[in-house]
Structures are given as C-alpha cells and as structure tokens.
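Novice: Below are the structure tokens for one structure; questions will follow.
The values are calculated or read from the model by the stated rules, or taken from the named source; none is laboratory data. No experiment lies behind these values; they were computed from the predicted model shown. FYI the Cβ positions are ideal-geometry reconstructions off the backbone, even for glycines, and counts take in every protein chain you see.
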Amino acid sequence: ATGADHAVGLGLVGFSLLLFTYYTIWVIVLPFVDSDHVVHSYFLPPEYSVILPGIAALILLLCVGTFIGIVTWKNRKSKKVN
Amino acid sequence: MTSSLCVCIASSELAQSLPVSFTMTKLLEWLFAVSLVGVAWGLVTFDLLDFQFPAVYREVAWPMPVYLLVVFGCYSLATVGYRVATFNDCEEAARELQGQIQEAKEDLKKKGLKI
C-alpha cells in the first residue's frame with residue numbers, strides 16, 4: 001500500500017484507537033473516579049455514552065438505507081428507459 | 001462442527017422413557033451464550049434479585065451492550081484500516097494488466113465490438 005491508501009489505512013487505525021481509549025475511559029474508568037476530580041470536565045454526563053452511539057447507529061442505518069434506495073431507483077429508471 | 005447432545009433422565013421411575021437427543025448447532029450455542037450474558041447483565045443493571053450492589057457496579061454494567069458494540073466496531077475499523085495500510089501492492093503487475101486491458105479493448109474494437 002502506498003501514498004493515499006497507506007495514509008487512509010493508518011488514519012483509520014489511529015481514529016479507532018482514539019475512539020476506543022476515549023470511550024473506555026468514559027464508560028469504565030470514570031465511575032471509579034471521585035465526582036469532583038478535574039478529569040470529569042473532559043467528558044459529557046454518562047447518559048450520553050449510550051445516547052450518542054445510538055444516534056450514530058441510526059445515522060448509519062439512514063445512510064445505508066438511502067444508498068440502497070438510490071441504487072434501486074437508478075436501476076429501476078434505467079430498466080424503464082431500456 | 002456439530003456435537004450431539006444426549007440428555008438422559010437419570011431418575012429411576014423415568015428410566016423407562018426414551019433418552020431425548022438433539023443436535024446442538026452453532027446458532028444454538030451462540031444464542032445460549034448470549035442469553036446467559038444477557039440475563040447476567042439484566043440482573044446487575046435492574047437489580048432483579050435485589051442484591052443491592054454498590055452503585056458503581058450498576059453504573060459500569062448498564063452501558064455494557066452499547067460499549068461492547070462500540071468496541072467491536074472499533075476493532076473492525078482498526079483491522080480494515082491496518083490491512084489497507086499493509087496491503088501488498090504489485091505496481092508493475094498492475095501496469096502490465098492495464099496495458100493488456102487497453103490492448104484487448106483496441107483489438108475488440110477493431111473486430112467490431114462496441115465498448
């Protein structure tokens with residue numbers, strides 16, 4: 001892999017490591033930390049640790065559904081023309 | 001790979017009844033394991049048996065399903081990204097192939113095929 005492919009691949013790895021670390025600290029480490037520690041200011045309230053992935057999953061489903069719809073519609077249109 | 005599971009009723013009065021056997025498929029194994037984990041999670045999160053755990057246990061346990069999904073998503077993303085980054089390109093072979101495709105296209109166009 002060279003150039004752009006390499007960069008994109010490494011970017012994906014880095015992003016997923018970052019996301020994993022942040023989310024793990026948010027869900028597993030924070031409940032054991034005193035509520036007046038300064039680290040809590042870097043994280044939203046813990047309810048959002050479930051709501052935000054839920055919203056992300058909905059957006060993903062929306063994108064997948066839209067893509068399927070567009071492809072189906074284009075296919076139907078081209079079939080009608082033929 | 002399936003394994004036959006033979007359930008024989010051990011008590012003396014029911015010994016005359018036939019042993020019941022069913023094949024444990026992978027799906028059944030997974031469903032069984034998932035339901036065990038699900039019941040354990042439900043017990044801790046909703047305190048169904050009134051264990052009265054310390055509040056920390058509940059706080060850590062209740063996002064667990066979403067957390068495991070996110071972790072699985074991160075792992076998938078990292079695996080895909082890593083394999084894209086370390087993919088074994090063969091640039092010379094790619095150029096050769098492109099040249100052959102052009103050759104084939106021109107040849108077919110000459111013979112009348114519309115591309």
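A quick yes/no check of all residues on (1) farther than 30 Å from A:Ile28 by Cβ; (2) more than 22 Å from the chain's Cα centre (by Cα); (3) within 14 Å of another protein chain (Cβ to nearest Cβ); (4) among the aromatic types (Phe, Trp, Tyr):
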{"residue": "B:Pro65", "(1), (2), (3), (4)": "no, no, yes, no"}
{"residue": "B:Leu77", "(1), (2), (3), (4)": "no, no, yes, no"}
{"residue": "B:Phe87", "(1), (2), (3), (4)": "yes, yes, yes, yes"}
{"residue": "B:Cys90", "(1), (2), (3), (4)": "yes, yes, yes, no"}
{"residue": "B:Gln98", "(1), (2), (3), (4)": "yes, yes, no, no"}
{"residue": "B:Glu103", "(1), (2), (3), (4)": "yes, yes, no, no"}
{"residue": "B:Lys114", "(1), (2), (3), (4)": "yes, yes, no, no"}
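Novice: Within the stretch B:43-63, count every residue that is surrounded by 13 or more Cβ atoms within 10 Å (Cβ to Cβ), at the interface with another protein chain (Cβ under 8 Å from one of its Cβ atoms) and in a helix (DSSP H, G or I).
Specialist: Within the stretch B:43-63, residues that are surrounded by 13 or more Cβ atoms within 10 Å (Cβ to Cβ), at the interface with another protein chain (Cβ under 8 Å from one of its Cβ atoms) and in a helix (DSSP H, G or I) number 2.
Novice: So which residues in the stretch A:40-56 are touching a helix residue (DSSP H, G or I) at 6+ places or on another chain (Cβ under 8 Å) and either within 20 Å of B:Phe72 (Cβ to Cβ) or part of a helix (DSSP H, G or I) (or both)?
Specialist: Answer for the stretch A:40-56, where residues must be touching a helix residue (DSSP H, G or I) at 6+ places or on another chain (Cβ under 8 Å) and either within 20 Å of B:Phe72 (Cβ to Cβ) or part of a helix (DSSP H, G or I) (or both): A:His40, A:Ser49, A:Val50, A:Pro53, A:Gly54.
Novice: Sort out which residues of the stretch A:27-39 are at pLDDT 90 or above and either more than 9 Å from chain B (Cβ to nearest Cβ) or assigned to a loop (DSSP other than H, G, I, E, B) (or both), and write them in order of number.
Specialist: A:Val29
Novice: Inside the stretch A:1-32, can you point out the residues that are within 20 Å of A:Leu52 (Cβ to Cβ), surrounded by fewer than 14 Cβ atoms within 10 Å (Cβ to Cβ) and among the β-branched types (Val, Ile, Thr)?
Specialist: Once the filter is applied, which keeps residues that are within 20 Å of A:Leu52 (Cβ to Cβ), surrounded by fewer than 14 Cβ atoms within 10 Å (Cβ to Cβ) and among the β-branched types (Val, Ile, Thr), the stretch A:1-32 yields A:Thr21, A:Val29.
Novice: Go through the stretch A:1-26 and give me each residue that's more than 17 Å from B:Phe72 (Cα to Cα) and in a helix (DSSP H, G or I).
Specialist: Matches in the stretch A:1-26: A:Gly3, A:Ala4, A:Asp5, A:His6, A:Ala7, A:Val8, A:Gly9, A:Leu10, A:Gly11.
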